[in-house]
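Report on the structure given below.
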Amino acid sequence: MKRTSIIILKVFAGLLAFLIIAIVSLFILARCNPELIQRLFEEEPDYISFSALPHDRDSMKADFDGIHQIVAENYSLYRQKGISMDSLHTVYSARLRDSVKTSDDYGMMLMEYFADLRCGHACAFFSGEHFGGAEPYYIEGRLFLNHPGDYIRKQGFLDKDEIIAINGKPIPTWMAENIKYHEGSTAAQRELRTASAALASYTDTLLNITVARGSDTISIPLPLHAKGFPNHNICERKILSDSIGYIAIHTMRNGIVEAFDSLYPSVKNLPYLIVDIRRNGGGNSMNGEKLCEYLLKQEKKHCLYDKTLKPRDDAFPGKVFLLIDTRTFSAAESFAIDLWESGEVVLIGCPTGGDTGSGPEIFQSPSGLSFRIATSEPRQTPKGFPLEGQGVPPHYNVVQTVKDFMAGIDTQLEFALRLIQK
């Protein structure tokens, strides 16, 4: 009996020791990388269509009240942004009572509600969006098609067509009416996201598009379909000259480090490297950390976490130029901040989207709609740069011009090449 008790005590002591070690490990990991802990326990969002939302007003009200209560209790940035949560609830409750009649109306109202939180990581996860098969390029306040795919070409569109009206509304009017549905931490990001979604809709399956083609103005009906945009290579490499390498990093999602590593040997011994993260919407910030190690020359504090980034033994020894734009966002933005604050990399392009994450968490409404909001209090990098609400400023502010675009010239890349040649 005594021996059995001793064995039980030893087993209990072992389990207790294991539990203590696990708790301590989680505490250390949470301190170094709090958003990783969040991802470990966070469920993937459930996407639902507008038709799955409540249909009657009482159910809509109960659902919206539940959403707003969660937002009011957990959204961490509303004070910084000067948002009155009570006033927001009053405004949208009145909208719900007076003008929302269908589940489509309710879905569009929710998109507007989350956009009014003025945060790039605040949104609802809806399925059922219809696409026109292309994402327009927004240049100098104008919309263009850039190398459109087979689907939209079959409808009669051509490369470099300028979209001048949608359903009879000139683009400036259409933009002004639709920007309210798109989230963003900066005005420039909201504007760009609105323009990028010009050929997509949650409620329409057909758009009438007016394009300018040379001196001609043409109206073309564009049927929308449920299939999204085609997948592209997540990482691409070019050798631009005998001394200049180029690598485009299109995402920070898993797999990008391995893709970058496979291309890196062909450029690592060149004197100059252009890294392109324009249109990179982010992913996993840990992938950005690993990519930084290829490009740093000295140790530096991570912009988000209590840790130090260290260059690899085979880190790039030459000069690095980083191309950024307003689509550079989330984990891609923290990657840009780390390179920018290192003082070793030259940034060229437009300010980034202005949001590295701010502890995004996913919640669910009473009706089953998944939505995301920021939950971390406003923070700054070790050097004092805000992690939300302000885009990373490039050393050289260079915008794509319509003139260059029509001639097939990448204004920002060409600027980087001229800078290197000097």
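For Cα Rg over 2.2 N^0.38 Å, which listed value, [x] 0.97; [y] 1.12; [z] 1.31, comes from the coordinates shown?
[y]
At 27 angstrom or more along the helix axis (alpha-carbon based) and mean Kyte-Doolittle of -0.5 or higher, what helices does the chain contain? Whole DSSP H runs only. Before the final figure, lay out the partial values.
On the way: long enough: 2-32 (45 Å, 1.98).
Flagged H segments are 2-32.
Please compare each pair in Lys61/Lys81; Lys290/Lys422; Lys81/Lys403; Lys238/Lys383; Lys180/Lys383 to a cut-off of 29 Å on the Cα-Cα distance and tell me which ones are over it.
Details: Lys61/Lys81 26 Å; Lys290/Lys422 31 Å; Lys81/Lys403 37 Å; Lys238/Lys383 34 Å; Lys180/Lys383 34 Å.
Checking Cα-Cα distances, Lys290/Lys422; Lys81/Lys403; Lys238/Lys383; Lys180/Lys383 exceed 29 Å.
Would you mind calculating the gained length between Lys383 and Ser215 on full extension (0.36 nm times residue separation, minus the Cα-Cα distance), in nm to one decimal?
Values: separation 168, 0.36 × 168 = 60.48 nm, distance 5.17 nm.
Net length gain for the segment: 55.3 nm.
In terms of the Cα gyration tensor, with a ≥ b ≥ c the square roots of its eigenvalues, is segment 295-362 rounded because a/c is under 1.5, prolate because a/b exceeds b/c, or oblate?
Working: a/c = 2.63, a/b = 1.29, b/c = 2.04.
Since a/c reaches 1.5 but b/c is at least a/b, the shape of segment 295-362 is classed as oblate.
How far, in nm, would the chain grow between Ser262 and Asp159 when pulled straight, counting 0.36 nm per residue and subtracting the alpha carbon separation? Numbers along the way, then the final one.
On the way: separation 103, 0.36 × 103 = 37.08 nm, distance 3.21 nm.
Working it through step by step, the gained length comes to 33.9 nm.
Rounded to whole Å and sorted largest first, list the principal axis extents of the Cα atoms in segment 255-319.
The Cα atoms of segment 255-319 stretch 32, 27, 19 Å along the principal axes, largest first.
How high is the relative contact order of the chain, given as a whole-number percent (alpha carbon pairs under 8 Å, six or more residues apart)? Intermediate values should be presented prior to the final figure.
Working: 806 pairs, mean separation 68.3, N = 422.
Result for the chain is 16 percent.
I'd like the FRET efficiency for Met85 and Asn146, computed as 1/(1 + (r/R0)^6) with the beta carbon distance as r and R0 of 41 Å, rounded to 0.05. Please list the in-between numbers first.
Details: r = 41 Å, r/R0 = 0.99.
With a Förster radius of 41 Å, E is 0.50.
In nm, to one decimal, how far is the Ala72 label point from the Lys403 one, both placed 7 Å along Cα→Cβ?
Result: 5.5 nm between the two label points.
Take the solvent-accessible surface of the protein heavy atoms, probe 1.4 Å, and return the percent of it on segment 58-156 that carbon and sulfur atoms account for. Intermediate results must be reported in sequence, preceding the final value.
Working: 2000 of 4300 Å².
For segment 58-156, the apolar C and S fraction of the accessible surface comes to 47 percent.
Calculate, for Arg95 and Tyr396, the FRET efficiency according to 1/(1 + (r/R0)^6) with r their C-beta to C-beta distance and R0 45 Å; round to the nearest 0.05.
Efficiency computed from Cβ-Cβ geometry: 0.55.
The values are calculated or read from the model by the stated rules, or taken from the named source; none is laboratory data. Model, not experiment: these values are computed from the prediction. Methodologically, a virtual Cβ is constructed for each residue, glycine included, from the backbone with ideal geometry; neighbour enumeration extends over all protein chains shown. Ligands, DNA and RNA are excluded from the accessible area calculation, which covers all protein heavy atoms including side chains. Shrake-Rupley method; radii C 1.70, N 1.55, O 1.52, S 1.80 Å.
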